[in-house]
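The values are calculated or read from the model by the stated rules, or taken from the named source; none is laboratory data. This structure is a prediction, so every number in the text was calculated from the model and none was measured. We place every Cβ from the backbone using ideal geometry, glycine too, and count neighbours over all the protein chains shown.
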Amino acid sequence: MTEPMTDIAAKTTPLVKVENLRKLYPVSKNIFREAHDFVHAVDDINFEIAPGESLGLVGESGCGKSTTGRMLTKLTDATSGQILLDDKGELIDIAHIQRSDMRRFRRRVQMIFQDPFESLNPRRTVYDTVAESLTVQRIGRVQEREERVAELLHRVGLTPPESFLFRYPHELSGGQRQRVAIARALVIDPTFVVADEPTSMLDVSIRISIMDLMLKLADEFNVSYLYITHDLAVARYMCDRIAVMYLGKIVEIAPTEELLANPRHPYTRALLSAVPVPDPAYKRERVDIKGGISKALNPPPVCRFIERCPRATDQCRTSDHPGFDDLGNGHLVACYNL
Amino acid sequence: MAQTLEIESRGGKAGTPLLEVQNLVMHYGTKEGDVSAVEDVTFTLNNGEAIGLVGESGCGKTSIALTLLRLLPDNSVVKSGDVRLDGESLIGLDEEQMRRRRWRDISMVFQGAMNSWNPVYRIGDQIREALRLHWPETLTYQEETERIAALFELVGLNPATMERYPHEFSGGMRQRAVIAMALSCNPKVIIADEPTTALDVIVQDQILRELKKIQKELGMSIIYISHDIAVIAEVTERMGVMYAGKLVELGSTIEVFHRPKHPYSYLLLKSTPSITGPRRKLAPLEGEPPNLIEPPSGCRFHPRCPFATQQCIDEDPPLTTVGEGHSVACWHWQEVPEIGGLQK
Amino acid sequence: MADTLTPPTGELENFDPQRVVEEPLWRVRLRLGWRSFRRNWALFNDNKMGVVGLAIIALFGLMALAHPILMATIWSNHLEGGKNVYDIRAGADSIIVTKTIVEEVTDPLTEISQIEAMFLGTGVNIPEIGDTIESPLANPAPPVFSGVKHPHILGTDPFGGDVFSQLLFGARAAFLLGAIAAISSVALATLVGTISAYFGGVIDTLLMRLADLVILIPLLPLLIVVSGFWNVELTMLGILIGILSGLGGTAIILKSQALSVKVKPFIDAARIAGGGHWRIITRHIIPNVLPLSFLYMMFAVTGAIFTEAALSFLGLLNIQQSWGIMINIAHTQGYTLEGFDVWWLMFPAGLAITLFSAGFFLVGRAMDEVVNPRLRKR
Ligand SMILES: Nc1ncnc2c1ncn2[C@@H]1O[C@H](COP(=O)(O)OP(=O)(O)O)[C@@H](O)[C@H]1O
Ligand code: SF4
Ligand code: SF4
Ligand SMILES: [Mg+2]
């Protein structure tokens, strides 16, 4: 397993650099009037991912993880902010990308989806699915594409490839489908892959082999992952660093083991303390927080966590949402009362 | 016999057998063949006890729950075996007799239950309806309301919210209300099939804690069903591990976690990531769960088992006792190494 | 599915991708197509309703094929006044002379002949029982199989046209009309539905309001008006029905199907691969809508046949011959109320319309089970 890359972002130029990224969804009750209400799905987030590094994005459902991933893959347009991608020394701003750069961008950034049953077109064979980006971008001759696809199938463990090339998704199990999805993402040799809960629909016994495969391929293909998950144990296994999101904000980022051993944000603490541990003899220390997650509909400018925070003070009530404090070692926390 | 309005478990003396499942075999008939979803399963739930059933999806956990509740689809056949509640066979009951026992004697909390509230009625009124149908005596409106309020209090909901409609509740609140409903008629047994699977971890944790507290306070008997061994570790005292329709290991939760005797349990534990303890390499379980229409011969786990021998392919291992209250169905259980807690 | 899921330890050195891809791609696709056809056929075949429907359609297919063959062979030499008697429009058997065997001397026909014979004083043989006499039959004539110059196995229409020939030809017309209407209707509905679902926004609003409008206008009365002004023949009618039904309800149904496909993650995946709108619509959405489209094609045939029958019955169409026209002629010549006595005028055509429509409807229902797995019996 790769060792945690402490401070890696500081040593090299980042592959992906996200600056003040926001996504607001208008909520309008009337199609004729302009919307006044907005859900702040992603609200002013900043992070970097180094080449070859994998960053985990964790948080509860609805906190904006997937929206972030979709903005990075350009499935959703950002409301404001920048997403800078390093393409061989040249920076492309994904958020404001030119049409002419789109092709280049599609070669660099790929995605793996959550649901292996829905992410493959049921009417297309494994070959068609995996070769799609090669076909669309007219890379190679048919024969070469076939060989590349066969090679990828081999690499993701669908062996022998000839017995998988022309199967339809319904002839594959969940684990095999996810392998196809991984092959599809890597066939074009990307540098950055967004993986949105790629193992959460799989059974435990299959989950580990898919996670191991993704780790191995990250090395072989030298790709970086943005690994989105709600499961901290999975993030720990997969990621060098973890970013914790709450209602559209990143509240804490740190190298994985540092975050688990030394969580500083009250929300991270509560989250960690709520994860069930697979050992009946282990007694968890509980951090109680109030209520459940709410919706970020027109949130006031103060700390997003204020309603549930056991440590909130007057400063929290009167100041804007806190910015990052650098605790050293690449550990960043957004909270006034550490 | 006057019923008290207390919320309680109507089970018997703690530790005595309450629900006995004996050699249960249940198949689904399909066009491709018989799906052997539950194969020769035997276990007992004692009064006041929380036990768990764990296994991958499709291994037959839900099928067992549905058999216990007799809520099986039409294409299912209970081939043999028996389910006894307080000594009375549930398999032999006709539909009307069974209907009277559901909710009243044996109630349920399902994974999707929080989405099964009827959107046009208030939550409180839907529980009231259950009380009217299943409570043995007629209660006054006031008594019903008081009882519902008490139930809400118990599961951590504000009683005032009983006037609300399902869409005004969050997922977690709806699932709490489902638990209130399950408790409404003082059942002897609650079957909770993946009760928190669709919920976020913080809410899951709150609800599991609530359930555990209720179970302890009322001396309720609960069967937890989950694919997540960490959840089972949290809330149960004894547990069974299922694989491909069979119960392969049964024992106290702590024994199974620390000294699993079945290779499948062992690998399942070894392949579960955790946020505590040292960061370690996980052991992947090779292969995939078998097709239950033509399950593997002998031991159903043999195609994936690192300990498998010719004997495993030829003969089906019986459930044998390997320690106090600990039994396992494996020919080579002695070879399975000790884990001694994941935190070590 | 017991598959090996060993992690890919095999190094790429001992793996030769070229070995893997020996078979040309088009052959593979052909093989896959054939396989999936066989599987769907097996599902379809399970449903007896569909098989009955298909048998009915096949029967009509044979009828449609039989007509030109019969015209070229058995019926080719039956000329009268320079025209073929069996020709579906021009052909007319002006008077049929049947030879019958006298069974009773009190037969009114023979009595008349007797009186005539006496008046005329010629030495006409007075027929006796067992004699063969010739007697003329006025049109419409009942079925006559033999003993005449031109046999009419389903009789003739009021103008002496052969009903059987018309019936066979009607099957051809029905297939032609059904095919044109179904294909144009479904092609249009699929396109409108998918485009509307995929782009949403203004395009969707416009197309859907158009659909509402088309649904509001009742098809039949509109066609009645249209055919009152224009000269509507078969192809034109097919296209008209196709457009009107394709823009209405079917488009809305196919749109909702397309909507459910559009939100699937595999559409996102296709976008990430770099696919443009057109590629996503044609390669990813339409193939997943197509099974439902085929289903509606079957129902469109049924609709088209009924519409044609109704318009023909009202005499509003300029088409050569069809089942509807057969009924129309019987009606306009005043035979409607003598249904049972001249059954061959309306019954065969009416039955053909009903059976033909039923055939396609049954096939549609059976396809529904193939297309919608939810309806499948276990
Ligand atoms: N109604 C049904 N008809 C046929 N097979 C079924 C039906 N319900 C479940 N099964 C099959 O029975 C097996 C056990 O399913 P289930 O009890 O739902 O497992 P679990 O709850 O452990 O996921 C699976 O192979 C499943 O596909
Ligand atoms: S800033 Fe204040 S309210 Fe926000 S997390 Fe920190 S202590 Fe809590
Ligand atoms: S009986 Fe054999 S195959 Fe089955 S679990 Fe035990 S060792 Fe493995
Ligand atoms: Mg289940």
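Annotations
- Checked against (1) modelled with pLDDT of 95 or more; (2) in a loop (DSSP other than H, G, I, E, B), residue B:11 meets all criteria but (1).
- For segment B:296-316, filtered to residues that are closer than 29 Å to residue B:273 by Cβ and assigned to a loop (DSSP other than H, G, I, E, B), the residue that is nearest to ligand 1 (Cβ to nearest atom) is B:300.
- Elements of type helices (runs of 4 or more DSSP H) in segment C:234-353, at least 3 residues being within 27 Å of residue C:188 (Cα to Cα): C:234-247, C:249-262, C:265-272, C:286-313
- Listed by first and then second residue, the pairs linking a residue in segment B:270-281 that is more than 16 Å from residue A:238 (Cβ to Cβ) to a residue that is hydroxyl-bearing (Ser, Thr, Tyr), with Cβ atoms under 7 Å apart and 6 or more places separating them unless they lie on different chains, are B:276/A:282.
- Within segment A:278-307, considering residues that are touching a residue at least 24 places away in the same chain (Cβ under 8 Å) and of a type in the set (D, E, K, R), the one surrounded by the fewest Cβ atoms within 10 Å (Cβ to Cβ): A:295
- With respect to being under 19 Å from residue B:39 (Cα atoms) and more than 16 Å from ligand 4 (Cβ to nearest atom), residue B:305 falls outside the description.
- Hey, residue B:292 within 16 Å of ligand 4 (Cβ to nearest atom) and on the phi < 0 side of the Ramachandran plot or not: yes
- Filter result for the condition that a residue is away from chain A (no Cβ under 14 Å), surrounded by fewer than 20 Cβ atoms within 10 Å (Cβ to Cβ), away from ligand 1 (no atom under 14 Å from the Cβ) and not in a loop (DSSP other than H, G, I, E, B), over B:100, B:128, B:104: B:100
- Scanning segment A:65-108 for residues that are part of a loop (DSSP other than H, G, I, E, B) and away from every other protein chain (no Cβ under 14 Å) returns A:78, A:79, A:88, A:89, A:98.
Each row is one residue, and each column tells you yes or no for (1) within 16 Å of ligand 4 (Cβ to nearest atom); (2) within 12 Å of chain B (Cβ to nearest Cβ); (3) more than 22 Å from the chain's Cα centre (by Cα).
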| residue | (1), (2), (3) |
| --- | --- |
| A:237 | no, yes, no |
| A:281 | no, yes, yes |
| A:304 | no, no, no |
| A:314 | no, no, yes |
| A:325 | no, no, yes |
| A:331 | no, no, no |
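Condition check ((1) closer than 22 Å to residue C:266 by Cα; (2) away from chain B (no Cβ under 14 Å); (3) more than 17 Å from the chain's Cα centre (by Cα)) across all residues:
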position: A:153; (1), (2), (3): yes, yes, yes
position: A:167; (1), (2), (3): yes, yes, yes
position: A:171; (1), (2), (3): yes, no, yes
position: A:174; (1), (2), (3): yes, no, yes
position: A:195; (1), (2), (3): yes, yes, no
position: A:214; (1), (2), (3): yes, no, no
position: A:219; (1), (2), (3): no, yes, yes
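- Selected residue (criterion: farthest from ligand 2 (Cβ to nearest atom)) from residues of segment B:303-314 that are under 20 Å from residue B:250 (Cβ atoms) and more than 14 Å from chain A (Cβ to nearest Cβ): B:312
- Against the numbered list (1) farther than 20 Å from residue B:221 by Cα; (2) under 14 Å from the mean Cα position of the chain (by Cα), residue B:80 comes up short only at (2).
- Within the option set C:338, C:369, being surrounded by fewer than 20 Cβ atoms within 10 Å (Cβ to Cβ), acidic (Asp, Glu) and under 19 Å from residue C:40 (Cβ atoms) holds for one residue only, C:369.
- Of the set (1) farther than 25 Å from residue B:49 by Cβ; (2) aliphatic (A, V, I, L, M); (3) surrounded by fewer than 22 Cβ atoms within 10 Å (Cβ to Cβ), all apply to residue B:157 but (3).
- One residue from B:253, B:276 being of a type in the set (Val, Ile, Thr), at the interface with another protein chain (Cβ under 8 Å from one of its Cβ atoms) and touching a helix residue (DSSP H, G or I) at 6+ places or on another chain (Cβ under 7 Å): B:253
- Note on segment B:148-239: no enclosed helices (runs of 4 or more DSSP H) hold 2 or more residues that are at pLDDT 90 or above and in contact with a His (Cβ under 9 Å, 6 or more places away or on another chain).
- Meets criteria (within 16 Å of ligand 4 (Cβ to nearest atom) and of a type outside the set (Val, Ile, Thr)) for residue B:319: no
- Criterion violated by residue B:267 - all others in (1) in contact with a Cys (Cβ under 6 Å, 6 or more places away or on another chain); (2) within 11 Å of chain A (Cβ to nearest Cβ) satisfied: (1)
- For segment C:257-279, the candidate set comprises residues that are more than 8 Å from chain A (Cβ to nearest Cβ) and either touching a Lys or Arg at 6+ places or on another chain (Cβ under 6 Å) or buried (at least 19 other Cβ atoms within 10 Å of the Cβ) (or both); within that set, the residue that is farthest from residue C:361 (Cα to Cα) is C:267.
- Among helices (runs of 4 or more DSSP H) entirely within segment A:117-207, having at least 2 residues that are farther than 30 Å from residue A:230 by Cα singles out A:126-136, A:142-155.
- Matching helices (runs of 4 or more DSSP H) fully within segment A:245-338 where at least 1 residues are at pLDDT 90 or above and within 16 Å of ligand 3 (Cβ to nearest atom): none
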